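Below is one structure, written out as structure tokens, with a few remarks after it.
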Amino acid sequence: MTATATPRRRRLQLSDLTRLSTVGLRTRKLRAGLSALGIAIGVAAIVAVLGLSASSQAGLLNEINQLGTNLLTVSNGQSFGGGTAELPTTAPGMIGRISGVQQAQSTGAVSDANAFRTPYIPSVDTNGLTVQAASLDLLPVVATTVAQGHYLNAGTAQEPVVVLGAAAAQLLGIDRIYPGERIWVGGQWFYVAGILKPAVLASAIDSSVLIGYAAAEKYLGFDGHPSVVYLRAQNDRVNAVDNLLAATANPENPSGVSVSQPSSALVAQADAKSALNGLFLGLGAVALLVGAVGVANIMIISVLERRSEIGLRRALGATKGHIRTQFLSEAVLLGLLGGAVGVALGAAATAIYAHTKHWATIIPTEAWAGGIAASLIIGAVAGLIPALRAARLSPTQALWSV
Amino acid sequence: MTDTAPPAPDNTAVAACNGVAIDSAGVPVLDVDGVTKSYPGEPPVQALREVNLTIGQGELVGIVGPSGSGKTTLLQLMGTLDRPTSGRVRITGLDVATMADEDVAYLRATRIGFIFQQFFLAEHSTVLDNVADGLLYAGIPLTQRRQRALDALELVGLAERPHARPTQLSGGQRQRVAIARALIGQPAIVLADEPTGNLDQATGQSILALIDQLHQAGSTIVVITHDHAIAERMRRKVEILDGRIVADTGPAAGTDPRRQPLAGPPTHAPRAAFGTPIGEEPS
């Protein structure tokens, strides 16, 4: 009596599913756009934060590479007694003879001498400036140049003449050089010959007032001991040179010498994540969450409004699974739409900012792929309950209780 | 969708006893057998009580009753949109009670067409795609669906505006679109719920004329209505009151239009008009 047949079950073709899942988006464009906006903002914030930090890091690393990573500095460390160990006066020459060292230059701190704009400034207002004796070919080694005027030469190194580091000039209130300009250094007038550009790799130079070794000895009672030796090594021999430096600089007391590579500190600084990044990422995550709630809300309303459509589809032969798939894929599509717009916005923001800073625009893969994936997952999660509700709706209720 | 061997369950005798016109395989298109439907509540509502109704191939049946008589519940059960509390509903011999939900859905997709009072057309989509959606869940590719939708639109006299939106159509035209959607899969049975309920008198008459025409072309159609005048126009009139069938004019002899060709509208069976039949399963 009972006829048994197993009707073939039909899965929707992908093209049909795509058409179905865009019904809600096509018929209510503004609403779909607004509900996707939350996700778009969240994804845009995350992509922009990750993109900007990657781009700025790349910009900084690029700058460091241009300055060269082969600069090493040798400075006087601590002696056993706790005082400052002195580098021998022969250290620059010894270091210059190490195989692989291209150039070695030095500065020597002139203790007890301070620089002032005029003699009338109280002696406690040192501005943190130091007076340094400097060798004559220092500038190319620390990768800086003269902004105004001239650097020391064999003649001026003998005379009471100074060259100001970038920060030192600012602190002394000197922004241009005119003939006869002078400052008060260690109790006598020194003529200002030039102002330097900032030395990124050797920031100690920036806040220094530089004078010649000979002048320092002659006028300020300098003992001639260098305190920092700056040297450039061949790129492939940086490590080898590094290992020899301490013993070469001060054979009697190698432990009283500290050797560093300024570029590596900057690289570490570039790698460090800003604390603000965390804050903005958190804000982006909150926006994503709000966006998810928006999508869930819109989908629930959509299911309520489209009861008759759901009922009709069931009457036309849709299974619960078909209805569930339709609404779930609509929510996923909504999420993806927001995610794609967000990635585009975030990338655009990154590109514009990076352009103004002359950095390369870098959008890390994990930022855009993660943004798309997150929006997809959010769409699926937000659409799950509405889709289940739509599928649970009985066709008779959907069609006859309008 | 090209296999044609229909199921041949052994209920020819039952159908024959009821004196119903049966299809070539000896199975009535629709068989409602001792169906009771009650809805939970205090006290439970008895919407249908022990209803028996058998409808054969090619019949045009009007089911008439006042509101609350259970006619809509009967339509829902006949359309497999709901399951009876007790009793059996068989569509072309297939017992709905023994089938999984997915299989019942597929049965609806291929063997039952619905026409509703409110039309239920998708306004954002064209007339053609509205009609084509009638086969969406039968697993037929879009190009083929659209081709058959054109044929179905021709059948209801709307072939000239396939790309119009439903909002650009009059009420009568919209109902014709809905009828085309119901017919596109050449269902074994078409169930119409107050098809003229939202239309004015004249338009309603034209829709009834179309239904009559489709019946003469071979479709099996059941019209649910509260209007006795409409039910009178049908070949067979079934009256329902308080969940019971109180009168049934029975299948009139010679109602099968294939044996009694009429002049005018197409006299061929709709299956021939649409090409290969669908919804026939190997047993």
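The values are calculated or read from the model by the stated rules, or taken from the named source; none is laboratory data. All values reported here derive from a predicted model rather than from experimental measurement. Heads up, the Cβs are rebuilt from the backbone with ideal geometry, glycines too, and the neighbour counts pull from every protein chain shown.
Given the structure, is A:L17 part of a helix (DSSP H, G or I), modelled with pLDDT of 90 or more, surrounded by fewer than 20 Cβ atoms within 10 Å (Cβ to Cβ) and away from every other protein chain (no Cβ under 14 Å)?
Details: part of a helix (DSSP H, G or I): yes; modelled with pLDDT of 90 or more: yes; surrounded by fewer than 20 Cβ atoms within 10 Å (Cβ to Cβ): yes; away from every other protein chain (no Cβ under 14 Å): no.
For A:L17, the condition - part of a helix (DSSP H, G or I), modelled with pLDDT of 90 or more, surrounded by fewer than 20 Cβ atoms within 10 Å (Cβ to Cβ) and away from every other protein chain (no Cβ under 14 Å) - is not met.
Is there a residue being out of contact with any Cys (no Cβ under 7 Å at 6 or more places or on another chain), away from chain B (no Cβ under 14 Å), within 30 Å of A:V74 (Cα to Cα) and surrounded by 14 or more Cβ atoms within 10 Å (Cβ to Cβ) anywhere in region A:279-301? Steps first, please.
Our first condition is that a residue be out of contact with any Cys (no Cβ under 7 Å at 6 or more places or on another chain); within region A:279-301, this holds for A:279-301.
Now drop any that are not away from chain B (no Cβ under 14 Å), which leaves A:279-301.
Still in the list and also within 30 Å of A:V74 (Cα to Cα): none.
No, region A:279-301 has no match at all.
Need the failing condition index for B:V104 against (1) at the interface with another protein chain (Cβ under 10 Å from one of its Cβ atoms); (2) surrounded by fewer than 16 Cβ atoms within 10 Å (Cβ to Cβ), just the number.
(2)
Hey, among B:E160, B:E123, B:E154, B:E102, which residue is in contact with a Lys or Arg (Cβ under 6 Å, 6 or more places away or on another chain) and among the acidic types (D, E)? Spell out the reasoning first.
Working: B:E160 fails: in contact with a Lys or Arg (Cβ under 6 Å, 6 or more places away or on another chain); B:E123 fails: in contact with a Lys or Arg (Cβ under 6 Å, 6 or more places away or on another chain); B:E154 fails: in contact with a Lys or Arg (Cβ under 6 Å, 6 or more places away or on another chain).
Being in contact with a Lys or Arg (Cβ under 6 Å, 6 or more places away or on another chain) and among the acidic types (D, E) holds for just one of B:E160, B:E123, B:E154, B:E102, which is B:E102.
Each row is one residue, and each column tells you yes or no for (1) surrounded by 19 or more Cβ atoms within 10 Å (Cβ to Cβ); (2) not basic (K, R).
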{"position": "B:T85", "(1), (2)": "no, yes"}
{"position": "B:R111", "(1), (2)": "yes, no"}
{"position": "B:N130", "(1), (2)": "yes, yes"}
{"position": "B:G139", "(1), (2)": "yes, yes"}
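For A:S329, all conditions in the list (1) hydroxyl-bearing (S, T, Y); (2) free of Cβ contacts under 8 Å to residues at least 24 places away in the same chain; (3) closer than 21 Å to A:N297 by Cα hold save one; what is the number of the exception?
A:S329 satisfies all of (1) hydroxyl-bearing (S, T, Y); (2) free of Cβ contacts under 8 Å to residues at least 24 places away in the same chain; (3) closer than 21 Å to A:N297 by Cα except (2).
If we keep just the residues of region B:34-88 that are free of Cβ contacts under 8 Å to residues at least 24 places away in the same chain and outside any loop (DSSP other than H, G, I, E, B), which is farthest from the other protein chains (Cβ to nearest Cβ)?
Among those residues, the one meeting the criterion is B:V45.
Only one of these conditions is not met by B:G218: (1) of a type outside the set (V, I, T); (2) at pLDDT 85 or above; (3) crowded, with 22+ Cβ neighbours inside 10 Å. Which number is it?
Among (1) of a type outside the set (V, I, T); (2) at pLDDT 85 or above; (3) crowded, with 22+ Cβ neighbours inside 10 Å, the lone unmet condition for B:G218 is (3).
Confirm whether A:V341 is crowded, with 17+ Cβ neighbours inside 10 Å, over 39 Å from the mean Cα position of the chain (by Cα), away from chain B (no Cβ under 14 Å) and part of a helix (DSSP H, G or I). First the steps, then the outcome.
On the way: crowded, with 17+ Cβ neighbours inside 10 Å: yes; over 39 Å from the mean Cα position of the chain (by Cα): no; away from chain B (no Cβ under 14 Å): yes; part of a helix (DSSP H, G or I): yes.
When the stated conditions are applied, A:V341 does not pass them.
Out of region B:204-215, which residues are in contact (Cβ under 8 Å) with a residue 60 or more places away in the chain and surrounded by 21 or more Cβ atoms within 10 Å (Cβ to Cβ)? Walk me through how you get there before you give the answer.
First pass over region B:204-215, keeping only residues in contact (Cβ under 8 Å) with a residue 60 or more places away in the chain: B:211-212, B:215.
Scanning region B:204-215 gives B:I211, B:H215.
Looking at region B:145-172, which of its residues are of a type outside the set (A, V, I, L, M), assigned to a loop (DSSP other than H, G, I, E, B) and more than 12 Å from chain A (Cβ to nearest Cβ)?
Applying the first criterion (of a type outside the set (A, V, I, L, M)) to region B:145-172 yields B:145-148, B:151, B:154, B:157, B:160-163, B:165-168, B:170-172.
Among the residues that remain, those that are also assigned to a loop (DSSP other than H, G, I, E, B) are: B:157, B:160-163, B:165, B:170.
Of everything in region B:145-172, those that are of a type outside the set (A, V, I, L, M), assigned to a loop (DSSP other than H, G, I, E, B) and more than 12 Å from chain A (Cβ to nearest Cβ) turn out to be B:G157, B:E160, B:R161, B:P162, B:H163, B:S170.
Criterion first (within 12 Å of chain A (Cβ to nearest Cβ), buried (at least 22 other Cβ atoms within 10 Å of the Cβ) and of a type in the set (G, A, S)) does B:A182 satisfy it? It would help to see each step written out before you state the result.
Values: within 12 Å of chain A (Cβ to nearest Cβ): yes; buried (at least 22 other Cβ atoms within 10 Å of the Cβ): yes; of a type in the set (G, A, S): yes.
Considered against the rule, which asks whether it is within 12 Å of chain A (Cβ to nearest Cβ), buried (at least 22 other Cβ atoms within 10 Å of the Cβ) and of a type in the set (G, A, S), B:A182 comes out as yes.
In region B:126-144, how many are facing another protein chain (nearest Cβ under 8 Å) and either in a helix (DSSP H, G or I) or within 26 Å of B:E160 (Cα to Cα) (or both)?
First, the residues of region B:126-144 that are facing another protein chain (nearest Cβ under 8 Å): B:133-134, B:136-139, B:141-142.
Applying the additional criterion that residues be either in a helix (DSSP H, G or I) or within 26 Å of B:E160 (Cα to Cα) (or both) yields B:133-134, B:136-138, B:141-142.
The total comes to 7.
Out of B:Q201, B:Q144, I need the residue that is within 30 Å of A:L14 (Cβ to Cβ) and surrounded by fewer than 19 Cβ atoms within 10 Å (Cβ to Cβ). Which one?
Working: B:Q201 fails: within 30 Å of A:L14 (Cβ to Cβ).
Being within 30 Å of A:L14 (Cβ to Cβ) and surrounded by fewer than 19 Cβ atoms within 10 Å (Cβ to Cβ) holds for just one of B:Q201, B:Q144, which is B:Q144.
Residues A:L334, A:L266, A:L312: which one is modelled with pLDDT of 95 or more and buried (at least 17 other Cβ atoms within 10 Å of the Cβ)?
Details: A:L334 fails: modelled with pLDDT of 95 or more; A:L266 fails: modelled with pLDDT of 95 or more.
A:L312 is the lone residue from the list that is modelled with pLDDT of 95 or more and buried (at least 17 other Cβ atoms within 10 Å of the Cβ).
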